[in-house]
Amino acid sequence: MTDFKTISGRKIKFQTSDLTMSTATEGELFYSDTDSEFKVGIKVKAWSSGGNLNTTRNALSGTGTLTAGLVAGGTSPGTAFETDTEEYDGSSWTEGGAINTGRKLAATQGTQTAAIHAGGIKAPANTATGETETYNGTSWTEVSDLNQIRYGVGGAGTSTAAVVFGGHDLSAYRDESEEWDGSSWTEGNDLNTAKHYLAACGTQTAALCIAGSTPAGGTTTNVESYDGTSWTEIADVNTARIGVKAAGTSTASIAFGGGPNLAITEEFDGTSWTETSDMATGRSEHGEGKSGTTSATFAAGGESPKTNATEEWTSAVTLKTVTDS
């Protein structure tokens, strides 16, 4: 153990019981007297299987956290424009109140008990819409429409302070941003790059717009950050994709999935994106725990092909025994 002290400048701790694992003990090496073993705290990041949605669908949107999640809308087998809402408790999905206007490719943000659902495509004949509804944990209420109709739109924030951006109106890509104050939408500054089928996360004053499809052709790696006033291009994701989803904040987030049927997950530390553990099933247009964190969120449904499967993302420090192999 002389080499360890020379390298680290400290001796290995002698513990009669295991250390409590947290970010503070990541990389901490110690000797466990109880188990007569050397142990170290290692951060493990992985996707695992969760409870299946009750309704198989893609083109849905979601918000909330791993233990209090929400998804709404989408397209299910035989139903082009779903009104169905489901709530997640970390293990199973329960039917919630139906949205008033069935639609797909909308933006949802907020929490399980206070959410906002805006834009999308509805009947008849795939009509782009600006319709907006808010959720109180029981039922949805129609409120003021977006100023710009659009689908494949991104959104961030809460049910009383949200921002939506990008999208497509069935004739052109959109770059407009709109801010919600709890009663109406006000136009803000535009994205630098018009796009749709993008990922979004964060708050009204600190949001990310990630990847998507642009008029220049195909998918993009472009990422922009919003400070409540203007958009700034920042570090690109490593893999271009559409139908991708994200969770977290503007300085600590993850982007996962995307078309065509990608399982790739990337983590953002406020400066750059790093590829980390892949999902078990590649998918796009899934529902997400947008208000989750880089330590815990979910991906539900989506196109892989169309599925009801849920995967749970967790990142935690755990103990590993040190061996000589």
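Rule-based calculations on the coordinates, nothing more; no lab input. Just so you know, these numbers come straight off a predicted model, no measurement behind them. Cβ sites come from the backbone with ideal geometry, for glycine too, and all protein chains shown count toward neighbours.
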Subject >> Gyration tensor (alpha-carbon) shape descriptor, segment 207-285, a/c threshold 1.5 >> reply: oblate
Subject >> Burial ranking of peptide ranges 276-285, 70-79 (average Cβ count within 10 Å, highest at the top) >> reply: 70-79, 276-285
Original post:
Suppose every K and R has +1 on its Cβ and every D and E has -1 on its Cβ; what is the size of the dipole of the chain about the Cα centre, in Debye to the nearest 20?
Top reply: 520 debye
Original post:
To the nearest Å, what is the center-to-center distance of segment 42-94 and segment 293-325, using C-alpha atoms only?
Top reply: 15 Å
Original post:
Arranged by the count of other C-beta atoms within 10 angstrom, fewest first, what order do 312, 275 take?
Top reply: 275, 312
**OP:** Sort 104, 122, 43, 195 so the one with the fewest other Cβ atoms within 10 Å of its own Cβ comes first.
**Re:** 43, 122, 104, 195
**OP:** Amide H neighbours of residue 28 under 5 Å, at least 5 residues apart or on other chains, H built in the peptide plane: list them.
**Re:** 41
Original post:
Of 291, 253, 143, which is farthest on the positive side of the dipole of the chain, counting Cα position, with +1 on Lys and Arg Cβ, -1 on Asp and Glu Cβ, and the Cα centre as origin?
Top reply: 253
**OP:** For n ≥ 4 DSSP H runs only, could you compute -39500 (n - 2.57) per run for the chain, divide by its residues and tell me the 222 nm figure to the nearest 500?
**Re:** -500 deg cm²/dmol
Original post:
Where the only charges are on Cβ atoms (+1 Lys, Arg; -1 Asp, Glu), what is the dipole of segment 178-250 about its Cα centre, to the nearest 20 debye?
Top reply: 420 debye
Subject >> Among 75, 314, 109 - extreme Cα towards positive end, dipole of the chain, charges at beta-carbon >> reply: 314
Subject >> Cβ-defined net charge surrounding residue 207, 13 Å radius [Lys, Arg +1; Asp, Glu -1] >> reply: -3
